[in-house]
Amino acid sequence: MRPATTRLIGLGLALWTLGLRPAGVVAAEDKVDTCVACHSALPEPLNVPVEGMTHDVHGEKGLSCVDCHGGDATAMDETSMAPEKGFRGKPKRADIPAFCGRCHADESYMRRFNPSLPTDQLQQYWTSVHGQRLRQGDEKVATCVNCHGVHGILPADRAQSRIFPANVPDTCGGCHSNAEYMAGYGIPTDQVEKYKRSVHADMLLVQRDLSAPACNDCHGNHGAFPPGVSSIAGVCGQCHANNADLFRKSPHKAAFDRANLPECVTCHSNHEIHRTSDAMLGVQDGAVCIRCHQAGTAGYAGAVKMREAIEHLKTVMTDTQTLLKRASTMGMEVSEVEYAFREEVRPQLIKVRTQTHLGDPAAVLEMVQDGTARASASQAAAQATIAEAQARRRNLLLPLGLIVLLMILLYAKLRQLER
Amino acid sequence: MSSPAKPRSGVAEWFDARLGISEVLAFLRHKTVPLEGATIWYYFGGVSLFLFGIQLATGLLLLFYYKPGADSAYESVQFIITRVPFGWLIRSLHSWSANLMVFAVFVHMFSVYFLKAYRPPRELTWLTGMGLLGLTMTFGFSGYLLPWNELAFFATKVGTDIAGILPVIGPAVARLLRGGAEVSGATLTRFFGFHVAMLPAAFTAVLFVHLLLIQRQGMSESIRSTDTPPKPGMPFFPGFIMRDAILWLGVFAALLILCTFSPWELGAKADPFSSAPAGIRPEWYFTFVSQSLKYLPAQILGIDGDVVGICVFLGGALFLFFVPFLDRRAARNQPSPLFTAIGVGIIGFMLTMIALAYFKPY
């Protein structure tokens, strides 16, 4: 069946349906949205927008088809879609950003619905690789609808939304993981696959920590751009501020710049960032330091010193925990010492690990000494508690002996009385 | 047998003239305790009394430092067991002796039950004893919450929920116990009031009547045929009371060993906003109720399963309370094997449920 015929049949069906309404409803017919009335009676794909708008943030805010597509939703005939009534129809792909931006870049208009929503998305989009390529005529690149959907758009804080943090990797991967679609762009298509093996994905997708980064947290949202060598530390430093700050002050900064090495990525990788461990530090197999520092150099010796210092602190901490556990097993109340250990010693180990980014063994050693001193205080408290428990057990012998003696004397007296 | 009276000092004479001690001693010397195969069970009443004495003494000492309140209770108990000299011992003695007391009271109750000592004329002794058992369990329930730790908080939540199941009065009882819709600092302060003022006063009054009745009526002899002549009894003083003292000393030694080698834990502070940790259960002597309720279906004959369960337990408690008036054979000094079998059934049920609560709670 030809599309024009289909439309006419659908329109006829819709009008017939309206005509059959009970008398009581006729008064409300002025408010009937004729776009919805007709399109809901049409076959796919013409009826799809109607269903989509039932769970769309625009529909929730009271917007209807004409707010985006123009036209007259009160007209019962095809004049509803007449250009003279402002009908814009379905935008061409290259026009989509401007089509959405008509409202989303209009601050005064957007304030009526959501004053906190930014209105610079369109401006940012034109700075992105996507926007720049679209302007150059590449219609394969992402526009608003590729990330947000068409009808059925939901805000980012809803779990069903395509841009909900945990859904973002798959939304981006819809294009970027498609080797066939991405052919010709000269960029890898395994980023999402690698990301899903990373510590960030573990936090976001497995542990459902929505503060963990998805693609857009590093690459930007509307202004999406691959971070260059010089900007990577800035990207990572958004969250890992202390590490980035220490790195900037370290001798590594100048050395990396000279060698044109990306800062964080050189040691930690980019998309496939594994959970860090102390095994990265030092000169053994798997350590990242020996990728650059040769044996006999100061850097090599520094890596050894820093790793040894951290291992020393860990040993002291393990010993302290063993003592605390022993005291607890003996039934002693050590929660205050455990609290001090948890709040003062454990954070010190985290600080020491962060301090390695300064690349200064002396600074690491100083922090390790501080941590060791704190751990030793907890250790002394645990030892004192164990000593007290042992003293209690020793001291019990005296009252127990007296009680047994008294029992014997009483028994002897009883025997004497009953003889 | 008792030795001839020795000449007494002036001080003893002085007190005797005013208090009539020699008359009391003469009464006690003539008072006898039946000497039968089941004599060992006669000591559990005395052990319960001794443990109640320890509860009083240690409870009073704990009052010096304990501060009721959601913000201070846990901290004050922590202070008692870590800073106060011998505070750890006093607190552990209080907790351990409370549990041993509940155990001793149960053993005492069941021994009296199986010896049918509730039969006339000792019905009132039985009724006051059942009152003391109820008060002991209420002491345990109210005292458990006072350290305001995590386990106690959620166990009290479960306990007051169970009280809320009672037909008609349940919701009002739960609200009265909690001092609100939920277990909170208000619950703690009123449990403290129950534990240190109302319950001790009630317990002391009922205990006084219980002991008075025992002194008036003496200890019950077991049911035997009228052809069998009674065995000569043991003099209450010094024979029975000295044996009691030896046993009390033994119990005290056991308490000291328990307190030293397994001090009563404090646990983590209660956090009303956290979710209940796994393995929450009430004190062991309430687990036979909570565990049984878990096995009941949601509905029994159209009535809520928990309501049916609680009604059955109430019925069981009423049966035990009124058993002197139900066991007509024992009243006629005849063996009553049906009541013995019911008692064995109750003990078997309680022990099974307690064991399941600890070894297979789900």
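What follows is calculated from the coordinates using simple rules that are stated; it is not laboratory data. Quantities reported herein were computed from a predicted structural model and do not represent experimental measurements. Using ideal geometry, Cβ is built from the backbone for each residue, glycine included, and neighbour counts are taken over all protein chains shown.
Structural remarks
- Tensor-based shape of chain A (alpha-carbon gyration tensor, a/c under 1.5 rounded, otherwise prolate or oblate): oblate
- GNM result for chain A, Cα springs below 10 Å: residue of A:161, A:378, A:328 fluctuating most strongly: A:328
- Chain B, relative contact order in percent, only Cα pairs under 8 angstrom and at least six apart counted: 26
- Per-residue shielding of B:254-264, expressed as the average number of other chain Cβ atoms within 10 Å of the residue Cβ, stands at 3.
- Once the Cα gyration tensor of region B:129-287 is diagonalised, semi-axes √(5λ) in Å: 39, 22, 15
- Likely footprinting exposure, B:178, A:102, fewest C-beta neighbours within 10 Å first: A:102, B:178
- With a cut-off of 17 Å on the backbone N, the residues of region B:168-202 near the modelled label site 7 Å out from residue B:307 along Cα-Cβ are B:168-174.
- Here the spin labels are modelled as points 7 Å beyond Cα on the Cα-Cβ line, and at residue A:294 and residue A:276 they lie 2.8 nm apart.
- The simple spin-label model puts a point 7 Å past each Cα toward its Cβ; for residue A:136 and residue B:265 those points are separated by 6.7 nm.
- For region A:228-344, the relative contact order is 13 percent, taking Cα pairs closer than 8 Å that sit 6 or more residues apart in sequence and dividing their mean separation by the residue count.
- Per-residue Cβ neighbour counts within 10 Å put A:110, B:350 in the sequence A:110, B:350, beginning with the fewest.
- Normalised by residue number, the volume inside the convex hull of the Cα atoms of region B:1-149 is 188 Å³ per residue.
- Shielding score for B:244-251, defined as the mean number of other chain Cβ atoms within 10 Å: 3
- Under 18 Å from the residue A:199 label point (7 Å along Cα→beta-carbon), backbone N, region A:295-334: A:307, A:310-311, A:314
- Scattering curve values for the protein assembly as shown, log₁₀ I(q)/I(0), Debye with Cα scatterers, q = 0.11 Å⁻¹: -1.24
- Most mobile listed residue (A:114, A:167, A:243) in chain A, GNM with C-alpha springs under 10 Å: A:114
- Within the same chain, lysines fewer than 8 places from residue B:116 are excluded, and of the rest, those with a Cα less than 23 Å from its Cα are B:31, B:231.
- Computed helical MRE - 222 nm, the protein assembly as shown, DSSP H runs ≥ 4 contributing -39500 (n - 2.57), nearest 500: -18500 deg cm²/dmol
- Cross-link partners of residue B:294 among aspartates and glutamates, defined as those whose alpha carbon lies under 14 angstrom from its own and excluding same-chain residues fewer than eight positions apart: B:161, B:304, B:306.
- Averaged over the residues of peptide A:327-333, the number of Cβ atoms from other protein chains lying within 10 Å of each residue's Cβ is 4.
- In summary, the lysines within cross-link reach of residue A:249, defined as a Cα separation below 17 angstrom excluding same-chain residues under 8 places away, comprise A:351.
- Helix B:337-359 axis, angle to chain B major axis (alpha carbon atoms, nearest 10°): 40
- Of the DSSP H helices in chain A, those with a Cα length along their own long axis of 15 Å or more and a mean Kyte-Doolittle hydropathy reaching 0.0 comprise A:3-19, A:397-418.
- Note on B:146, A:313, A:46: ascending count of other Cβ atoms within 10 Å places them as A:46, B:146, A:313, the fewest first.
- The label-point distance for residue A:398 and residue B:189, in a model that sets each label 7 Å from Cα toward Cβ, rounds to 4.3 nm.
- Two-site FRET efficiency, residue A:119 against residue A:207, from Cβ-Cβ distance with R₀ of 56 Å, rounded to 0.05: 0.95
- Loop-located chymotrypsin sites (Phe, Trp or Tyr not before Pro) in region B:267-353 (DSSP state not H, G, I, E or B) with no more than 10 neighbouring Cβ atoms inside 10 Å: B:273, B:295.
- Note on residue A:301/residue A:325: beta-carbon distance plugged into 1/(1 + (r/R0)^6) with R0 of 51 Å gives a FRET efficiency of 0.90.
- Å³ per residue enclosed by the Cα convex hull of region A:81-136: 96
- Burial ranking of peptide ranges B:328-338, A:346-356, B:90-100 (average Cβ count within 10 Å, highest at the top): B:90-100, A:346-356, B:328-338
- Oblate is the label for region A:92-225, because the ratio a/c of its alpha-carbon gyration tensor axes (a ≥ b ≥ c) is 1.5 or higher and a/b is not greater than b/c.
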